[in-house]
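Working notes for the structure below.
What follows is calculated from the coordinates using simple rules that are stated; it is not laboratory data. Computed from a predicted model, the values in this text were never measured in an experiment. Neighbour counts are summed over all protein chains in view; Cβ atoms, including those assigned to glycine, are modelled from backbone coordinates with ideal geometry.
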Amino acid sequence: MVAVASNISATDPWQSASSSVDCTQANLSGACALLAILVKTQAISQAGARTDIELGAQKLEELKKQLADAIHQAEEAADQSGFFGFLGDIFGSDIAQIAGAVAAVAATIATGGAAAPLLLLTISAALQAGAKVGAELGLDPKLCMALSIASAAVGLCSGVGSVQSATALADGARKVGLVANVVQGGATATGGVFHGISGEYHAQQLDDQAEAVRYQAQDVAVDLALQDAFALLQNALRTQQRETSTVSTIVQNDSDTNTALSNRI
Amino acid sequence: MTQAITGSNSTSFAGELATLLIQIESNQSESSRLTRDAARESYLDNAQKQVDALHVAADATRVGAVAAAVCTVASGGFSIAAASAQFDADVGKATNCNALQVASDELNAKLFDAAAKTSGAVATPLKSFVGDSTAEDFQAEAKRFETRGEQAKWQAGDASSSAEKADRLGDKVLDLLQGIQSDANNSTNAIIGRI
């Protein structure tokens, strides 16, 4: 390139200077045109990246709301599950057991025949003693209370029995036993229903947790895409700066070359 | 005949070297990006599997709870039926009613009582077998997918860092190449001025 330039200047300095200027102008306009194309391309990339960032930010916000909702629903479902489980335990366990105990006592009285009043007194005393000893030994207070109530009820029945006939007492005991058995069955069934509702809420809690995991994964994916868009934007800006710098250097170099040639001519 | 090493040759050599380096860094960056994309796909895939496993666990819990509830309600119903039949039998015995009817009531009471005890005893194991154990299996499965997803996320993060590093190195090489070109241009201009 250097040799070619020296040959041209040796043969026809004016013509060579003219053609060199034309060539420089061509290079300059070519470089500028190239710069324009490159800058346009980078501007398109930047605009795309900016749009991606805006959309990603909006989506991220929506996902965070959905994630918070899912977590809130899971917490509510857990609370409901605990509440219905508690009710199920009360009906299916405590009430059913007390009713079962009453039914058992009633059945004993009903089948006791003529010895029923004596049997009632014995049972009442035994229940009362059991409640006292149980309380001292740290038995469940609910059970102690149930024993005391049963003792009082049985004692009352024994008083009634002293004035009524044994047959009437047996009839009453049978009715009490029937009611107690019905209550026990109903409490068991109600407890089962409440436990079923509790299980349904627990399943709903797991579903909500699954949805929360889904939203979290989407959140991570959108966050990564957002990072990509930022990197793309940063890269486009850097590339644009470099391209501008490069073309500027080319133009500067052409200018320097022209100056050098002009000085030389 | 010897050939002098000219400025354009050295520029060309530097350019070729820079091009090679940029190509290497570009390949490295592309490879890291592919690794990152694969890791992200793996993360999303594992997250989806975790979600599916949790839904299956929820369904199993629901089925177990419903089955147990049905058994318990049936047990309560049978208990009531047994008590009613037993009451009829007792009243019949006390009032000296038809012996056949009393026997029938007693048989019914025993049958209902047996059914109540059976369905009540079946409820808890059924809930454990159909619901809880299956749900726990799938929850463990979900946990495994969660762990895999976390690993994939770490891999994606490492690959992203590697790609950024390669990009930065490529930028440095480009800056270096620009400097070399600028020096070469200055030299050429100086030579032109000297000629």
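At 37 °C and 0.692 mPa s, grab the translational diffusion coefficient of the stretch B:63-113 from Stokes-Einstein with a Kirkwood Rh over Cα pairs, rounded to a whole number in µm² per second.
Numbers: Rh = 11.7 Å.
For these conditions, the coefficient is 282 µm²/s.
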Note down the relative contact order for chain B as a percent, whole number, built from C-alpha pairs under 8 angstrom at least six residues apart.
43
Which angle between 0 and 90 degrees, to the nearest 10, do you get for helix B:133-194 versus the longest principal axis of chain B when only C-alpha atoms count?
10
If the cut-off is a Cα-Cα distance under 30 Å, which lysines reach B:Lys117, setting aside same-chain residues fewer than 8 apart in sequence?
A:Lys142, A:Lys175, B:Lys93, B:Lys127
Does anyone have the angle between helix B:99-126 and the longest principal axis of chain B? Alpha-carbon axes, 0 to 90°, nearest 10?
20
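To the nearest whole number, what is the average tally of beta carbon atoms from other chains within 10 Å of the beta carbons of peptide A:243-250?
Details: counts 0, 0, 2, 5, 0, 0, 5, 2.
The shielding value for this peptide is 2.
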How about A:Lys64: which lysines have a C-alpha closer than 28 Å to its C-alpha, ignoring those fewer than 8 places off in the same chain?
B:Lys49, B:Lys143, B:Lys153
Pop out the ³J(HN,Hα) list for the stretch A:201-218 in order, Karplus 6.51 cos²θ - 1.76 cosθ + 1.60 with θ = phi - 60°, rounded to Hz; leave Gly and Pro as x.
5, 5, 5, 5, 4, 5, 4, 5, 4, 4, 5, 4, 5, 4, 5, 5, 5, 5
For the stretch A:164-228, shape from the Cα gyration tensor axes a ≥ b ≥ c, cut at a/c of 1.5 then a/b versus b/c, turns out prolate
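How much net charge surrounds A:Ile250 when only other residues with a Cβ under 12 Å from its Cβ are counted (Lys, Arg +1; Asp, Glu -1)? Numbers along the way, then the final one.
Details: positive: none; negative: A:Glu243, A:Asp254, A:Asp256.
That sum, taken over residues with Cβ under 12 Å, equals -3.
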Mind computing the radius of gyration and Dmax over the alpha-carbon atoms of the stretch B:5-99? Å is fine for both.
40.2, 133
Name the aspartates and glutamates eligible as straight-distance cross-link partners of A:Lys132: C-alpha to C-alpha under 20 Å, and not fewer than 8 places from it in the same chain.
A:Asp94, A:Asp140
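Summing -39500 (n - 2.57) over the DSSP H runs of n ≥ 4 in chain B and dividing by its residue number, what mean residue ellipticity at 222 nm do you reach, to the nearest 500 deg cm²/dmol?
Mean residue ellipticity at 222 nm (helix-derived): -34500 deg cm²/dmol.
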Tell me the net charge near B:Val63. Cut-off is 15 Å between Cβ atoms, B:Val63 excluded, with +1 for each Lys or Arg and -1 for each Asp or Glu.
-4
Alpha carbons only, please: Rg and Dmax for the stretch B:51-195, in angstrom.
40.6, 143
Net charge over other residues, Cβ less than 14 angstrom from the Cβ of B:Gly76 (K, R count +1; D, E count -1):
0
